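FYI, it's all coordinate maths here, none of it is from the lab. As the structure is a computational prediction, the values presented were derived from the model and not from experiment. Cβ placement follows ideal geometry from the backbone for every residue including glycine, while neighbour counts extend to all protein chains displayed.
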Amino acid sequence: MSISLDEVRHVAKLARLELNEDELVDFQGKLNALLGHFEDIQGLDVSNQAPKPHAVSMINVLAEDIARPGIPRERGMANTADSKAGLFIVPTIIEE
Amino acid sequence: MSTQLTATELGRKIAAGDIKVQEAIDASCARIDANDEIYKAFLTLNEDVQTDIDRAEKMLTDGSAGPLTGVPVAIKDNISTDGLRTTCASKILENYIPPYDATVIERMKAAGMIVIGKTNLDEFAMGTSCENSAFFPSRNPWDPDRVPGGSSGGSAAAVAAEYVPLSLGSDTGGSIRQPASLCGIVGFKPTYGRVSRYGLVAFGSSLDQIGPFARSVEDAAAISNVISGHDANDATSQPDSQIKLNGLKDGSLKGLKIAIPKQLFGEEIEEGVRHVIAQNIKTLEQDGATVTEIDLPSINYGVTTYYIIAPAEASSNLGRYDGVRYGPRIDADGHIEAFSATRGSLFGKEVKLRIMVGTYALSAGYYDAYYHRAQQVRGLMAQEFERAYQEYDVIMSPSSPGVAFPVGGIQDQMALKLLDLCTIPANMGGFPSISLPSGLSEGLPVGLLLNGPVNGDERLLQISYAVEQALGFDKRAPMP
């Protein structure tokens, strides 16, 4: 399986990564090399094998519904590049 | 000098009043000042260290001190420290100051330990050499022209350089054990879920585990006792999971059943490393252990499986870096363009590549062939190891296929990724794994990897202590 430059561009868009042409070409080569390596598991018979999503599985982890103090708003927001009146300023999503 | 002592020795001397906490910290800082221009283990030093010193001194006075009170520790810079910059060695978090402590930090402070500073890593823990740091590569105390390994290279170098007797790292595919091997020290990855990940910046959440670097198994056990145990803030934290050892007992290796998977003794392993491990095996057999070669074919698929699952999880975890809540923001026309511009210009190359791999592996049409299949292979691998643990006490191999290589010496991306070959199975299966320094090849340290079954941490540490004594490795980095 190999990946075209257009597919690399599409994946970059899905990943929200702005890449320049040089990077796109570089990543195309690297992705194709990795995908080539990944071929080794395609031939394995795992049809009866259950997938293992966790290292050590836990079921129904519940916590008591008790209010606990959280991080104060001003500390929680101290790292943002842009805020106003205690709110995060985000790039405009809906135009007027 | 107090920096040469192990953590437990230093803790005992502090408790006895033979060394003042202030003296121990001054000695540590002086050694960092004198050497870190060369080795570059640290990204940030804790300017507020006096608060920790005062707390430790108070504990010594009021009788609440423990075995590690007053002992300095270095922290990998992907573990959140309240008020102390935590960068993940990334431009996107260059000025990030966490508003809370990770659970492990909270617990170490409660035990009176002193956070001396934050150590360098491959950006977001993605790498095997510390060369992917956005700021600078760290250097190996055994040879400053060589890498300390990665991703927790700074934490490994800080202990090997005798700045501190203990440090914390995180291990997603080998990021504690491989640098421990390259730096000639002990590196321990506990069972998944026994040390809280709360406050560890997420990379591959089903694989990530915090663990210690130390210069002895005794020290690794002592700090594991402090940082482990259930934490309600981490839903994957296991109940009753504190790692408890009532002192490590001197023991012979008589009757110990060791398995060595033939897949980890092939041509991927450097000849010098193979030679050291062969000598180790002889020593352990002379001490009464039986060593049996076994076949674990799924190991051959470990690197592929890892480089699908870890990037897939990372592509999701790193979605939060969009320039809104933290980090600088690069404005553009439209919100998607702004997020993309911010991420595109502030993530490093390896991070971007892994996000791309993960996004691709999870995308429509490819999910079954890559991510789902990789999880099935992960299941296969875990089962193979579980079966082997029913017959053997430990599964043993080299920790790293090679010794420390020159900075810039490996350019081939696949060759760098293959450096995780020996360490990946423990992350896939969640079981505990420890690297012990076991000899030298070309004057550089070689590590011996011991794996044990899930939740067999105490027994693995006990066995490691006996193996450490049998091997008698006592070389230290040849530094000024």
Exercise. Does the stretch B:287-416 come out rounded, prolate or oblate by the C-alpha gyration tensor, with a ≥ b ≥ c the root eigenvalues, rounded set by a/c under 1.5 and, if not, prolate when a/b is larger than b/c and oblate if not?
Worked result: prolate
Exercise. For chain A, what is the charge dipole size about the Cα centre, in debye to the nearest 20, if Lys and Arg each add +1 at the Cβ and Asp and Glu each add -1 at the Cβ?
Worked result: 540 debye
For this session: Restricting to the stretch B:64-187, compute how many DSSP beta bridges are antiparallel as a %, nearest 5.
Result: 20 percent
For this session: List B:Thr86, B:Thr3 from most exposed to least, where exposure is judged by having the fewest other Cβ atoms within 10 Å.
Result: B:Thr3, B:Thr86
Exercise. At a Förster distance of 30 Å, what's the computed FRET efficiency of A:Ala33 paired with B:Asp333, Cβ-Cβ distance as r, to 0.05?
Worked result: 0.30
For this session: Work out the FRET efficiency for B:Gln50 and B:Asn95 from their Cβ-Cβ distance, taking R0 = 30 Å, and round it to the nearest 0.05.
Result: 0.85
For this session: Distance between Cα centroids, the stretch A:1-50 to the stretch B:54-72: provide it in whole Å.
Result: 52 Å
Exercise. What chymotrypsin sites (Phe, Trp or Tyr not before Pro) does the stretch B:298-340 have in DSSP loop regions with at most 12 other beta carbons within 10 Å?
Worked result: none
Exercise. Mind checking the mean number of beta-carbon atoms from other chains within 10 Å of the Cβ atoms in A:44-51?
Worked result: 6
Seminar exercise, completed: Extension length gain for B:Ala278 and B:Gln390 (0.36 nm per residue less Cα distance), in nm, is 37.9 nm
Exercise. How much length is gained if the chain between A:Ser83 and A:Asp40 is pulled fully straight, taking 0.36 nm per residue apart and subtracting their Cα-Cα distance, in nm to one decimal?
Worked result: 10.6 nm
Exercise. In whole Å, what is the distance between the alpha-carbon centres of the stretch B:75-96 and the stretch B:286-359?
Worked result: 17 Å
Seminar exercise, completed: Under 16 Å by backbone N from the virtual spin label 7 Å along Cα-to-Cβ at B:Ser252, the residues of the stretch B:450-480 are B:466-467, B:469-471
Problem set entry | Selection of GluC sites (Glu not before Pro), the stretch B:1-65, meeting DSSP coil and at most 16 other Cβ within 10 Å | B:Glu47
Seminar exercise, completed: Restricting to Cα pairs under 8 Å and 6 or more apart, the percent relative contact order of chain B works out to 17 percent
Exercise. By per-residue mean of other Cβ atoms within 10 Å, what is the highest-first order of B:133-139, B:228-234?
Worked result: B:133-139, B:228-234
Problem set entry | Spatially proximal lysines relative to B:Lys20 (Cα-Cα < 22 Å; intrachain offsets below 8 disregarded) | B:Lys58, B:Lys109
Problem set entry | Spin-label model distance (nm) - A:Arg68 vs B:Arg476, 7 Å beyond Cα toward Cβ | 4.1 nm
For this session: Mind checking the stretch B:209-303 for trypsin sites (Lys or Arg not before Pro) that DSSP puts in a loop (not H, G, I, E or B) and that have at most 14 other Cβ atoms within 10 Å?
Result: B:Lys244, B:Lys249, B:Lys254
Exercise. Other chains near B:356-366: what is the mean number of their Cβ atoms within 10 Å of each residue's Cβ?
Worked result: 5
Problem set entry | Gap separating the Cα centres of the stretch B:371-412 and the stretch B:175-232, nearest whole Å | 17 Å
For this session: Before rounding to the nearest 500, sum -39500 (n - 2.57) across all DSSP H runs of length at least 4 in chain B and divide by the residue total; then give [θ] at 222 nm in deg cm²/dmol.
Result: -11500 deg cm²/dmol
For this session: Starting with the highest mean, order B:361-371, B:435-445, B:149-159, B:184-194 by the number of other Cβ atoms within 10 Å, averaged over the residues of each peptide.
Result: B:149-159, B:184-194, B:435-445, B:361-371
Exercise. When Cβ neighbours within 10 Å are restricted to other protein chains, what is their mean count per residue of peptide B:337-344?
Worked result: 5
